[in-house]
Amino acid sequence: MYRPRDTRREWLVAEITAELRRYSSDAQHIGHAFAALHGLNATDLQALIAVMDAELVGQPITPGRLGEQLNLSSGSVTALIDRLERAGHIRRDRDTADRRKVFLHYADRGAELAMDFFRPLGRRTDEVMSGFTDDELAVVHRFMSAMSASMREHRDAVRSTRPAPARRPG
C-alpha cells in the first residue's frame, strides 16, 4: 500500500495519495457529524449529496436515477425518499411536461440546515482557494475531476463484482 518515494515525482504522488485519503476520511467524519445531528444515516447523507449535486448542474435527479447512483432497489429508494421528505430534507416535484415523472429537490428546511452546518467549512474552503491563482485552480480542478471520475469508475467496477442480494421468499 505504501508507495515508493525515491524520486521527487514518487514523493509527490505518495503525498498526494495520502492527502486524498485523509481528505476523504475527514469529509466522511464531517458528513457523519451532520447526519448524526439531524437523525440521518449514511445512505440518507449520500442521497442528499446526490440531490444537491444534480441541482447544482441544473439536472434534478429522479428516484430511479438516485437508486442507480446509490445501488438501491426501487423499494429501498421509495422508503429513503419518504423518510427524507418527512424529515423536511427533500421534496418531490412532478415534471410539468410529463406528470408521471418525479424530480427530487432539496427542500428549503433541509437546505437551510445544511447551509448552517457547512457555512464555516465553506468559509475555510474559500480562504484556502484564495491562496491559489486562477491558473493553479484550473490545474487543481482538472486533477480533482479526473480523480473523481477514476473513483466512480472503480466504485462501479467493485459494484459489478458483488453478487446480487438474495431475494427473500414471500
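The values are calculated or read from the model by the stated rules, or taken from the named source; none is laboratory data. The structure displayed is predicted, hence computed values, not measured ones. Note that we place each Cβ from the backbone using ideal geometry, even for glycine, and neighbour counts take in every protein chain shown. Remember, those area values only see protein heavy atoms, side chains included, never the ligands or the DNA or RNA. Shrake-Rupley method; radii C 1.70, N 1.55, O 1.52, S 1.80 Å.
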Requested in this report: For 140, 102, 57, write out the residues from largest to smallest accessible area, computed with a 1.4 angstrom probe and no ligands counted.
Outcome: 57, 140, 102
Report summary line: Place a point 7 Å from the Cα of residue 98 in the direction of its beta carbon; the residues of segment 60-90 whose amide N falls under 17 Å from it are 60-68
Query - Accessible area of residue 5 in the full protein assembly, 1.4 Å probe (Å², nearest 10) - result: 110 Å²
**Report entry** Fraction of alpha-carbon pairs over 19 Å apart in the chain - percent
**Finding:** 68 percent
Report task. Multiply the residue gap between residue 128 and residue 37 by 0.36 nm, knock off their C-alpha separation, and tell me the result in nm, one decimal place. Result -> 30.1 nm
Report task. Net charge near residue 140: determine it from the other residues with C-beta under 13 Å of the C-beta of residue 140, scoring Lys and Arg +1 and Asp and Glu -1. Result -> -3
